[in-house]
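> I am attaching a structure below and will ask some questions about it afterwards.
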Amino acid sequence: MELCGVQLRGPILNGSGTFDAIAARRTFGDALLERFPFDAFVSKTITLAPREGNPPPRLWETPAGLINSIGLPNKGLDGFLAEDLPQLAELPVPLVVSVMGFSRDELAKLVAAVAERPEVAMIELNVSCPNVETGLVMGADPAETARAVERVRPLSERPLIVKLTPNASEPEAVAAAAQEAGADSVSLINTLKGLAFDPDGGGHWLGGGTGGLSGPAVRAVALQQVHAVAGRVAIPVIGMGGISSGSDALDFLRAGATAVAIGTESFRDPAAGRRIASELAALEAREASKGNLAPPPEARMTQTGDSPPTFFRR
Ligand code: RRO
């Protein structure tokens with residue numbers, strides 16, 4: 001398949017920041033490259049200056065979900081280009097680099113520098129991190145998002161993906177603004193704002209205060225937002241939010257996504273991307289074979305309201 005002109009062997013990506021390919025290569029060696037779990041790899045978001053990230057604890061489990069408050073720890077642009085990019089370039093799939101700026105100037109410096117590197121297939125603009133102190137989330141506002149995309153669009157011939165936040169009153173309006181400003185794709189959802197208290201008292205559990213919720217707990221919200229966004233824009237949509245099985249992935253494709261990303265599930269099972277890809281392929285093969293068996297006209301005529309003939313049920 002193809003995403004923004006980039007050839008991919010399939011539709012399964014990782015959600016940014018949910019799979020450390022460099023650490024996985026250290027642990028699994030070249031076996032990781034032979035059985036790489038994703039069809040494109042999205043880096044953890046980088047910023048212009050290095051960051052320590054938020055103080056611990058950084059994670060809290062909820063029913064069917066995970067709240068994180070990692071706070072964007074990273075080596076900064078120069079450290080990433082010098083140390084991480086050469087290693088990520090050895091992965092057997094196209095590389096997407098995720099960047100986040102605290103201002104449009106910062107974002108422009110990041111995009112210009114990353115776009116120069118031939119190892120980079122696409123750039124994701126993370127305008128939706130919930131865990132940084134400024135409280136400024138460009139992606140919560142359509143006009144701010146448009147200004148950011150307009151600023152960086154001329155700096156890169158690489159496809160630009162805009163990562164949307166679910167914490168916006170109308171994510172489809174933000175997606176439309178991103179498209180209008182020149183984005184090639186949108187990806188969603190980033191995490192939903194969440195909070196956890198220390199069960200032993202003493203206030204907030206997470207060192208960063210609040211965090212972002214992910215995992216199956218957010219799947220229905222993500223599916224609705226992907227459906228709404230895909231109905232509004234013409235550019236490809238990358239759907240994510242609690243995908244744990246091929247059936248979940250198929251739901252996002254049915255909602256209008258062109259590709260999907262796996263996030264929290266990879267923490268449980270680092271090989272989840274491959275499992276989900278093969279489950280999805282089996283489901284799609286089954287759908288295709290059903291499609292070839294067109295129902296006889298009389299069967300179609302017996303369909304009424306909510307009660308389709310039983311052979312349509314799954
Ligand atoms: O690093 C983080 O805390 C983080 C980021 Br940049 C993001 O985009 N989404 C998220 O849930 N956590």
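The values are calculated or read from the model by the stated rules, or taken from the named source; none is laboratory data. Keep in mind the model is a prediction, meaning the values are calculated, not measured. Reconstructed Cβ throughout: ideal geometry from the backbone, glycine too, with neighbour counts over all protein chains shown. Keep in mind that these areas ignore ligands, DNA and RNA; they rest on the heavy atoms of the full protein, side chains included. Shrake-Rupley method; radii C 1.70, N 1.55, O 1.52, S 1.80 Å.
> Would you point out the residue of region 50-85, among those that are under 30 Å from Ala115 (Cβ atoms) and open to solvent by 60 Å² or more (accessible area, probe 1.4 Å), that is farthest from the ligand (Cβ to nearest atom)?
That would be Ala82.
> Test of understanding: among Glu61, Glu124, Glu83, which residue is of a type in the set (Asp, Glu) and closer than 21 Å to Leu195 by Cα?
Answer to the check: Glu61.
> Still on this structure, I have one more. Which residues, taken from region 172-213, are of a type in the set (Ser, Thr, Tyr) and open to solvent by less than 20 Å² (accessible area, probe 1.4 Å)?
Once the filter is applied, which keeps residues that are of a type in the set (Ser, Thr, Tyr) and open to solvent by less than 20 Å² (accessible area, probe 1.4 Å), region 172-213 yields Ser185, Ser187, Thr191.
The rows are residues; the columns are (1) at pLDDT below 95; (2) of a type outside the set (Asp, Glu).
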residue: Val221; (1), (2): no, yes
residue: Val237; (1), (2): no, yes
residue: Asp251; (1), (2): no, no
residue: Ala261; (1), (2): no, yes
residue: Pro270; (1), (2): no, yes
residue: Ala281; (1), (2): no, yes
residue: Pro296; (1), (2): yes, yes
residue: Pro308; (1), (2): yes, yes
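> Is there any pair linking a residue in region 90-106 that is farther than 16 Å from Glu124 by Cβ and away from the ligand (no atom under 16 Å from the Cβ) to one that is open to solvent by 20 Å² or more (accessible area, probe 1.4 Å) and modelled with pLDDT of 95 or more, with Cβ under 6 Å and at least six apart or on different chains, and which?
From residues that are farther than 16 Å from Glu124 by Cβ and away from the ligand (no atom under 16 Å from the Cβ), the pairs are Pro92/Leu33; Arg104/Arg151.
> Return the residues of region 170-193 that are assigned to a loop (DSSP other than H, G, I, E, B), in contact with a helix residue (DSSP H, G or I) (Cβ under 6 Å, 6 or more places away or on another chain) and either closer than 27 Å to Leu59 by Cβ or of a type outside the set (A, V, I, L, M) (or both); say none if nothing qualifies.
Correct list: Gly182, Ile189.
> Quick check on my filter: what residues within region 197-214 are hydrophobic (A, V, I, L, M, F, W, C) and within 16 Å of the ligand (Cβ to nearest atom)?
Trp205, Leu206, Leu213
> How many of the residues making up region 89-107 are in contact with a helix residue (DSSP H, G or I) (Cβ under 7 Å, 6 or more places away or on another chain), within 20 Å of Arg51 (Cα to Cα) and surrounded by 17 or more Cβ atoms within 10 Å (Cβ to Cβ)?
Selection size over region 89-107: 4.
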